[in-house]
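Just below is one structure, and these are the notes that go with it.
The values are calculated or read from the model by the stated rules, or taken from the named source; none is laboratory data. Remember, predicted model here, so these are calculated numbers, not experimental data. Neighbour counts are summed over all protein chains in view; Cβ atoms, including those assigned to glycine, are modelled from backbone coordinates with ideal geometry. These accessible areas exclude ligands, DNA and RNA; they are computed on the full protein's heavy atoms, side chains included. Shrake-Rupley method; radii C 1.70, N 1.55, O 1.52, S 1.80 Å.
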Amino acid sequence: PFTNNQVDMALGILFNKQKQQPSDSCMLDTTLDVFDSLWGKNNNKDSNDENNNNDSNDDSALENLANKHGMIDSQDEIRALEKQDSNELIAKGHYNSAMLYYGGEWYWGLDRIGYLVERLLSNNKTNNNNNDILQTYRLQYDRSIHVQSSQSPQETKKKKNDDDVLELNAFFSFRSPYSYIGMERVLALCDQHNKHAADAANGVATRIKLRLRPVLPMVSRGIPLSQSKRIYILTDANREAEQHGIPFGRVCDPLYKDGIDWCMQTFVALQSSHSNNNNNNDDNNDDDSNNSKQERMVLSILKGIWSEGLDVTSTAHRRIMMDRAGVEWHELETNITTNNNNNDNSHDIIYKDDDTITMMTDKNAADLNGLGLWGVPSFACGDGFSVWGQDRLWALKQHIYNSNNKNNKT
C-alpha cells in the first residue's frame, strides 16, 4: 500500500498540472507518468523482501516527477481540489473513481471499454486512423466476451475416475442483477460443456458439477448501497443483459416484506427435500436431476425478480416461479407448514428452521471472504481458481478448458 505522503505527492502533481489547463494529451501523459511511478515494474518489489524499501523508491520517482511537472505542496489546497472533483463526479451521477464518462454514459474499468469503443466508432466514421485504433480495442473486447466459444473438451482415451469432475461454486444473491445475468450465463456454460463432455470419446472428458452458494444482499451484510450506486448498477446490468441477449428491466425488489427470507427458505427447503430423498436412493442420476431442479428454481426466481416484475412476497407469483421450475409444493413438506388464509385460496409456504438458513449464509459468506472476495456473483473451482463478476466468465471458461486439456494429458 502507498503512504499518505505518496498519495498527496501524486495528487499534488496532477492538480498542479490541472491548474495549468494543459491539453488533454499533456494531462494524460502526466497522469500516466504518475501511475507508472506508483504501479510500474520498477516499483513492483517483493513486499516480503526485508531489504527492499518501497517507500523510498516510490518517493524518489514521485520527487523526480514533481521536479519535472511541479507540485502543489499545501494539503489544504489538495483536499479542496480533491473535494471539488469528487463533487463533480457525484453531480454527474456516479460514486466511484476509475470511471470513464462520455456523452452522459459511464464506463467502469476495462470490462466496459467495449461499449465506449462501439460509441466512438459510430461517432467517428470519417477518421480511418482513429478507427484502426478503436478496432484494435474492439477485437480485444470481443475476445473477452466470446473467448473459446468454439472450444469443447478434447477426446481422451483414459479411464474415467473422480478427477473427471470439476466442482464449481457459484456465490450469488437474489437481490443482485449481476447474479441473475451470471446465473443465466454460467448455467448455459455448464450445460454446453457437460454435453460436450458426454459426447467425447468414452464419455470421460471433465464434467462440471455446479454448487450454488447463496449469500445475503450487500445491505444485509453491512455494505452500503447509495442511490447513485443503485442507479448505476441497474443501468449497467441492463447494458450487460442486452449484450448477452438476456431479458431484463421489469424489476420487483425482493428486499422488502421478507422477500429475501422466502427466497432463502425455499432454497434450503428444496435442498433438504433432495437430501432426504438421496438418503434413500444412491442413484447418481437422481442427484443430477435434483441439482438441475434447484438450478431451475433459482434461475426462475431471479428471472421473475429482474425481468418480469414478479413479487416474491405474492403467493400467486411464487407459484408461477415454482411451477415453471418443476417444483411441487409437496417436495418441501418436510420443511414447511401450510397456510390456508390467503385471498387466492392457495396454500402458501411457511418455513421453519431459520437457524439452518443463518448457518448456510454465514458459511457461504465466510467461504467467499476466504477467497479474498466479497461481491457477487463470484465463481470458485475446486482446484483453487476463483473469479469475481459475470463479466469475468470468459476467464472461468478459459480455466475450465485449460483444466480439461491438462487432465486429458495425464
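I'd like to verify a number: residues in region 225-246 that are open to solvent by 70 Å² or more (accessible area, probe 1.4 Å) and in contact with a helix residue (DSSP H, G or I) (Cβ under 8 Å, 6 or more places away or on another chain), how many?
1
May I ask you to verify whether Asp253 is more than 21 Å from Gly389 (Cβ to Cβ) and open to solvent by 40 Å² or more (accessible area, probe 1.4 Å)?
The answer is no for Asp253.
Can you find a residue in region 205-215 that is at pLDDT below 85 and either β-branched (Val, Ile, Thr) or open to solvent by 20 Å² or more (accessible area, probe 1.4 Å) (or both)?
Checked region 205-215: at least one residue is at pLDDT below 85 and either β-branched (Val, Ile, Thr) or open to solvent by 20 Å² or more (accessible area, probe 1.4 Å) (or both).
Inside region 295-309, can you point out the residues that are out of contact with any Phe, Trp or Tyr (no Cβ under 6 Å at 6 or more places or on another chain) and surrounded by fewer than 21 Cβ atoms within 10 Å (Cβ to Cβ)?
Correct list: Glu295, Arg296, Leu299, Ser300, Lys303, Glu308, Gly309.
Of the residues that make up region 313-333, is at least one touching a helix residue (DSSP H, G or I) at 6+ places or on another chain (Cβ under 9 Å), open to solvent by less than 40 Å² (accessible area, probe 1.4 Å) and either acidic (Asp, Glu) or modelled with pLDDT under 55 (or both)?
yes
Out of region 362-395, which residues are part of a helix (DSSP H, G or I), in contact with a Ser or Thr (Cβ under 9 Å, 6 or more places away or on another chain) and of a type in the set (A, V, I, L, M, F, W, C)?
Passing the criteria: Leu368, Trp394, Ala395.
Restricting the first residue to region 48-73 and requiring it to be on the phi > 0 side of the Ramachandran plot and open to solvent by less than 100 Å² (accessible area, probe 1.4 Å), which pairs with a second residue that is in a helix (DSSP H, G or I) and modelled with pLDDT of 55 or more meet a Cβ separation below 7 Å and a spacing of at least six or different chains?
Listed pairs, sorted by first residue: Gly70/Asn16.
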